[in-house]
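Peer 1: Just dropping this structure here.
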Amino acid sequence: MREQIRQIIVSACKELYDLEVIAEITRPDTEFGDYTTNVAMQLAKPLQRSPRDIAQEIVELLQNNEMIESAGVAGPGFINVMLENSALIDSLSEPVAQPLKDMKVLVEYSDPNPFKPLHAGHLYTTLVGDAIARLVENAGAETIRLNYGGDVGRHVGISMWAIMIKLGDNPVASLAEISDADRPSWMGECYVEGTRAFVEDEQAKVEILATNKKVYALHAEGDSESDFAQVYWTLRKNSYDFFRKLYTELQVTPFDRFVPESEVTPLGVKILEEQTKKGVFTPSDGAVIFDGEKYGLHTRVFINSEGLPTYEAKELGLMQTKWQDYKFDESIIITANEQLQYMQVVLKAIEQFEPEITLRTRHIVHGVVKSSGGVKMSSRAGNTLSAFDVLESARAAGEASGQATKEEVVLAAIKYAFIKNRIGGDIVYEPEESIATEGNSGPYLQYAHARAVSIIEKSTQNLQEFSTDMELDSSERTLLLKITEYPEVIELATKELAPHHICTYLYELAQTFNRFYENSKVIGSDRGAERLQLVKVYADTLKKGLELLGIHAPEIM
């Protein structure tokens, strides 16, 4: 509907002034109208006239359009437009735009590392990434969900060093005594101990670096028989099983592919060798670097002085693998903001020899997840807030408040609490606030949907389709107008890859419905049939929005 109004205004400007304009159309507060534009102020300078006079001329022409009930001038020259009820009702049948139709889009998110705890930050990017992937898919794209994790690298060397010490002389047998359920947290403890030793003990540091090389070697040699290899492969599998268990519990859309670092590392090293010969990368004191300072960035190491590839080198292999395997139209990568500068350098390096990859890659960064006390959780420091800790805290908050703790409500609480924040800033998770059925929360919106369904089920009247000549009272029209905003919100959220817009809209929609229901009797009213249909359209809209966030819309709470 907004696009239709925009075209009407653009056409009016062309007819009146023979000028092409870019008309910005927004929704004002309902007392001012349905849509507003400042196009008259844009035209004031080229026409050398008062914007109010221009606005008045445009308004006079708009009032001849059958879709427009009324138009007026406000302030210095804003044009406010109110639609005919028939136009509002017609807009309910408009499909949501699919701007990504026939495009192939990769969405990479979650990205936990085996041998380390899956912490709250991974939970955040998993849930937000799932919502973004749903938005992309809803926009018509062939959507491929990727999960990239470090099964090689210094963190693995740190963990494996501590693990082998803990397991003792008979590591395979000792590992068998640790249950699969206990292994993830046990590996997390080993990682913390190994990290501490790496920092504080020079001998341990030497041994950890050697263990790191040993991990790379077992991949290169295909070793699966040695005790070290058996422990490594077993715990690597346990890690991925643990991740999959969490994803199932979170009810997120399954990933299409898990890409371990070990798979893409050889390609990354090959690219480095080729592009170093061409001058893209530079040998430096036994390492290989990319001089980012030439591009206003900073210099980063791609092969370290020990001859091992860094995260940057592996990233080269990952991006080239994506390009070779999918020839994507767009690649979306979601990470913590601490990787922003790192990724800028990697993309600039790739731009030197495969610019299409850089042009088609979109990197989104988010802040850190903190406890309600405001403390950042760090797996290295050992005060990790795990993904499962967050789930348990929501369950505990629900039980403490005496509210239902169905798993779908717990998931709604956490998902909404994370997604409602604009991506980029830090997130402070408050379990009690997230689980509440009042206020701006996931459970509140679930309750709002269930309440609407209950109203429909209690009524003995048949649902009646809207007629375009149906009269609407003010509360009915206000709710209908808010419902028609849905396609515009989805369009904005998709364009910006910002699902928080959906959260804001759904909360406002539920509040609008509450005001409608307070003022307009549904069951037993002489307008019950029409209002019941309005309740149904509202419930359907709420459900569609929640599903895009990965939140179940229950019919009973």
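Each reported figure results from applying straightforward, stated rules to the coordinates on display, with no laboratory input. What you see is a predicted model; the values in this text were computed from it and never measured. With ideal geometry, Cβ positions are generated from the backbone for all residues, glycine too; neighbour counts draw on all protein chains shown.
Peer 1: Considering every pair of different Cα atoms, what Kirkwood radius, in Å, is found for region 104-370?
Peer 2: 19.5 Å
Peer 1: Hey, another quick one. Normalised by the residues of the chain, what does the relative contact order come to in percent, with Cα pairs under 8 Å and at least six apart?
Peer 2: 14 percent
Peer 1: Using only Cα atoms, what is the ratio of the radius of gyration of region 232-281 to 2.2 N^0.38 Å?
Peer 2: It is 1.72.
Peer 1: Hey, rough spin-label estimate for THR468 and ASN304, points 7 angstrom out along Cα→Cβ, what's it come to in nanometres?
Peer 2: With each label point 7 Å from Cα toward Cβ, the separation is 6.9 nm.
Peer 1: To continue, here is another question. Could you tell me the distance between the Cα centroids of region 416-468 and region 44-74, to the nearest Å?
Peer 2: Their Cα centres are 39 Å away from one another.
Peer 1: 222 nm [θ] for the chain, helices only, -39500 (n - 2.57) per DSSP H run of 4+, per residue, to 500?
Peer 2: -17500 deg cm²/dmol
Peer 1: Compute the relative contact order of region 402-548 as a whole-number percentage, counting only Cα pairs closer than 8 Å that sit 6 or more residues apart in sequence.
Peer 2: Computed over region 402-548, the figure is 29 percent.
Peer 1: Something else now. Give the residue list of GluC sites (Glu not before Pro) in region 455-557 that are DSSP loop and have at most 12 other beta-carbon atoms within 10 angstrom.
Peer 2: GLU465, GLU471
Peer 1: To the nearest 20 Debye, how big is the dipole of region 402-548 about its Cα centre, given +1 on the beta carbon of each Lys and Arg and -1 on that of each Asp and Glu?
Peer 2: 160 debye
Peer 1: Against the longest principal axis of the chain, how steep is helix 500-519, in degrees 0 to 90 to the nearest 10, with axes from Cα atoms?
Peer 2: With both axes taken from Cα atoms, the answer is about 40 degrees.
Peer 1: Determine the distance separating the Cα centre of region 316-354 from the Cα centre of region 255-294; give it in Å without decimals.
Peer 2: Cα centroid to Cα centroid, the span is 12 Å.
Peer 1: Also, I was wondering about something else. With point charges of +1 on the Cβ of Lys and Arg and -1 on the Cβ of Asp and Glu, referenced to the Cα centre of the chain, which listed residue (LEU480, TYR191, THR335) lies farthest in the positive direction of the dipole?
Peer 2: Final value for the positive-end residue is TYR191.
Peer 1: How far, in degrees from 0 to 90, does helix 528-548 lean away from the longest principal axis of the Cα atoms of the chain, to the nearest 10?
Peer 2: Approximately 20 degrees, to the nearest 10.
Peer 1: Each residue of region 120-129 in order: what ³J(HN,Hα) in whole Hz does its phi give by Karplus 6.51 cos²θ - 1.76 cosθ + 1.60, θ = phi - 60°, with x for Gly and Pro?
Peer 2: 5, x, 5, 4, 4, 5, 5, 6, 5, x
Peer 1: Do any GluC sites (Glu not before Pro) in region 1-73 lie in a loop, going by DSSP, with at most 13 other beta-carbon atoms within 10 Å of their beta carbon, and if so which?
Peer 2: GLU20, GLU24, GLU66
Peer 1: Also, I was wondering about something else. What number results when the radius of gyration of region 468-509, computed over Cα atoms, is divided by 2.2 N^0.38 Å?
Peer 2: So region 468-509 has a normalised radius of gyration of 1.39.
Peer 1: What per residue convex hull volume, in Å³, do the alpha-carbon atoms of region 402-548 yield?
Peer 2: 119 Å³
Peer 1: Right, next: Given 25 °C and 0.890 mPa s, compute D for the chain with the Stokes-Einstein relation, Rh being the Kirkwood radius over Cα pairs; round to the nearest whole µm²/s.
Peer 2: 91 µm²/s
Peer 1: How high is the relative contact order of region 2-83, in percent, counting Cα pairs under 8 Å that sit 6 or more residues apart?
Peer 2: It rounds to 27 percent for region 2-83.
Peer 1: Can you compute the FRET efficiency between ASP182 and ALA396 using 1/(1 + (r/R0)^6), with r the Cβ-Cβ distance and R0 = 25 Å? Round to the nearest 0.05.
Peer 2: Efficiency computed from Cβ-Cβ geometry: 0.75.
Peer 1: Can you give me the long-range amide H partners of ILE423? Hydrogens built in the peptide plane at 1.01 Å from N, cutoff under 5 Å, separation of 5 or more residues or another chain.
Peer 2: Long-range HN contacts for ILE423: HIS500.
Peer 1: Need one number for region 2-83: average projected area of the convex hull over its C-alpha atoms, nm².
Peer 2: Convex hull of Cα atoms, orientation-averaged projection: 4.6 nm².
Peer 1: Same structure, new question: Which whole-angstrom value gives the distance between the alpha carbon centres of region 153-177 and region 512-547?
Peer 2: Going from one Cα centre to the other spans 60 Å.
Peer 1: Just tell me the longest site-free run in the chain, where the sites are trypsin sites (Lys or Arg not before Pro) in a DSSP loop having at most 11 other beta-carbon atoms within 10 Å.
Peer 2: 328-557
Peer 1: A further question on this structure: Compare the Cα positions of PRO99, SER434, GLY222 along the charge dipole of the chain (+1 at Cβ of Lys, Arg; -1 at Cβ of Asp, Glu; about the Cα centre) and return the one farthest towards the positive end.
Peer 2: GLY222
Peer 1: Please list log₁₀ I(q)/I(0) at q = 0.20, 0.24, 0.26, 0.28 Å⁻¹ for region 169-234, using the Debye equation with identical point scatterers on the alpha-carbon positions.
Peer 2: Log10 of I(q)/I(0), two decimals: -0.99, -1.18, -1.19, -1.18.
Peer 1: What are the GluC sites (Glu not before Pro) within region 325-370 that DSSP puts in a loop, where the Cβ has at most 14 other Cβ atoms within 10 Å?
Peer 2: Listed in order of number, the matching sites amount to none.
Peer 1: Which translational diffusion coefficient, to the nearest whole µm²/s, is obtained for region 67-175 from the Stokes-Einstein equation, given a Kirkwood hydrodynamic radius over C-alpha pairs, 37 °C and 0.692 mPa s?
Peer 2: D, rounded to a whole number, is 169 µm²/s.
Peer 1: Here's another thing I want to ask about it. Which of ASP53, ASP469 has the fewest other C-beta atoms within 10 Å, and how do the rest follow up to the most?
Peer 2: ASP469, ASP53
Peer 1: Nearest 10 degrees, 0 to 90: what angle lies between the long axis of helix 154-167 and the longest principal axis of the chain (Cα atoms)?
Peer 2: The two axes meet at around 60 degrees.
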